[in-house]
Amino acid sequence: MEENREKRLAVLIDADNVSPKYIKYILEEVSDVGVATYKRIYGDWTDGAKRGWKDTILEWSINPIQQYSYTTGKNSTDSAMIIDAMDILYSGNVDGFCLVSSDSDFTKLAQRLREAGMFVLGMGESKTPKPFRTACDTFKILDVITQEETGTHAVTTPAKADITSIHDIKKAIFKFMTENTNQGQPTAMADIGNFLAKRFSEFDVRNYGFSKLSTFLESLDEFEIVKEDTTYYVVDRRAEIPIQEIIREIELILEENGGEVGNLSVINDEVKRAFPGFHCKQYGFARFSSFIESYPQFEVHGNSVRLSHDYYYDEETRAAAAEPDSSRSGKKRR
């Protein structure tokens, strides 16, 4: 039962650096991670400029913490949040914290909480300094999330938001996929999403104008999404040997053996001999048999492979063989 328990989070909001319009999105993002055990917001509520917070605080049942501004030009809200955060940490009642501010003064707090084994979710506007973002496990850019949810088209660009560049994301994905290939494993799309979230704290496809990871990856020309059974995999287009050449090689192997080979591994070995860099995982398939079955000119029976009786090997149909049967493979072709 303990493993299935939702992550308990303390949500601490700096009213001096966050607008009331973001509260809905803040709590929605928190609910995606766990449950808000504490909901506190800090500020000097005698300040007339914060009058707009009243209805929002009541609507979302947030506990306002009064912190007077003792000295002009000094932000006493920061120290109040930090003290409360440490008290909550030592109470042992939470699994993590959500720190909401665009102020870099909370960088050290985020670091300290993570050192204590806490999960730290940061939120702030695109102006939030990089040190605070990277000090968190993950960081959400509120003005970008708001734009995406409300349908606003003025999407914050990577340069403006100071988020990870597309170049760096591609480089990280290629490295991750190469390591998987070297270990003989395909790369699941979900694994890439988890990897990017851990590598880049502020990574969120919404920062780049997308609502889903799959559409974001497909927008990068080097990648293709394929489906095997119920799992989606990511294929590195650059690493692919032209599929037409591989299919024709398998056809030739079968033709030379009377149209049938009794062992799948024999065909696999022959293809690798002809194309040393070949591996079915580069094409999104965990098994060579699944790769073979995705093309209509081949039939797999147990461990045997044979040419389909209904397939005619003239130049026109051979060219068509470059495209797998989408109803069987689920693989997308462009």
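The values are calculated or read from the model by the stated rules, or taken from the named source; none is laboratory data. Given the structure is predicted, the values throughout are model-derived calculations rather than measurements. Counting neighbours? That spans all protein chains shown, and the Cβs are built from the backbone with ideal geometry, glycine included. Side chains are part of the model used for accessible areas, which takes the heavy atoms of the whole protein and leaves out ligands, DNA and RNA. Shrake-Rupley method; radii C 1.70, N 1.55, O 1.52, S 1.80 Å.
Give the residues of region 201-210 that are crowded, with 19+ Cβ neighbours inside 10 Å and either assigned to a loop (DSSP other than H, G, I, E, B) or touching a His at 6+ places or on another chain (Cβ under 6 Å) (or both), sorted by residue number. Even if it seems obvious, please write down each step before you answer.
As a first pass, look at region 201-210 and keep what is crowded, with 19+ Cβ neighbours inside 10 Å: 201-204, 206-208.
If the condition is that a residue be crowded, with 19+ Cβ neighbours inside 10 Å and either assigned to a loop (DSSP other than H, G, I, E, B) or touching a His at 6+ places or on another chain (Cβ under 6 Å) (or both), then 201, 202, 203, 204 are the ones that fit.
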For this session: Report yes if some residue within region 18-39 is closer than 20 Å to residue 131 by Cβ, aliphatic (A, V, I, L, M) and under 31 Å from the mean Cα position of the chain (by Cα); otherwise report no.
Result: yes
For this session: Go through (1) loosely packed, with under 15 Cβ neighbours inside 10 Å; (2) within 15 Å of residue 164 (Cα to Cα) and name the single condition residue 196 misses.
Result: (1)
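Restricted to region 40-75, and to residues that are of a type in the set (Asp, Glu) and within 12 Å of residue 16 (Cα to Cα), which residue is modelled with the lowest pLDDT? Break it down stepwise before answering.
Restricting attention to region 40-75, the residues satisfying the condition of being of a type in the set (Asp, Glu) are 44, 47, 55, 59.
Okay, now just the ones that are also within 12 Å of residue 16 (Cα to Cα), so 44, 47.
Values: 44: 87, 47: 83.
So the residue we want is 47.
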For this session: Taking residue 190 as meeting all but one of (1) surrounded by fewer than 16 Cβ atoms within 10 Å (Cβ to Cβ); (2) at pLDDT 90 or above; (3) touching a helix residue (DSSP H, G or I) at 6+ places or on another chain (Cβ under 7 Å), write down the number of the exception.
Result: (3)
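Does residue 213 qualify as being open to solvent by less than 30 Å² (accessible area, probe 1.4 Å) and either without any contact (Cβ under 8 Å) to a residue 12 or more places away in the chain or of a type outside the set (Ser, Thr, Tyr) (or both)? If you could, list the steps in order and put the result at the bottom.
Values: open to solvent by less than 30 Å² (accessible area, probe 1.4 Å): no; either without any contact (Cβ under 8 Å) to a residue 12 or more places away in the chain or of a type outside the set (Ser, Thr, Tyr) (or both): yes.
So residue 213 fails the test.
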Problem set entry | Positions within region 221-268 being within 30 Å of residue 171 (Cβ to Cβ), in a strand (DSSP E or B) and open to solvent by less than 60 Å² (accessible area, probe 1.4 Å), in sequence order | 223, 224, 225, 226, 228, 231, 233, 234, 235, 236
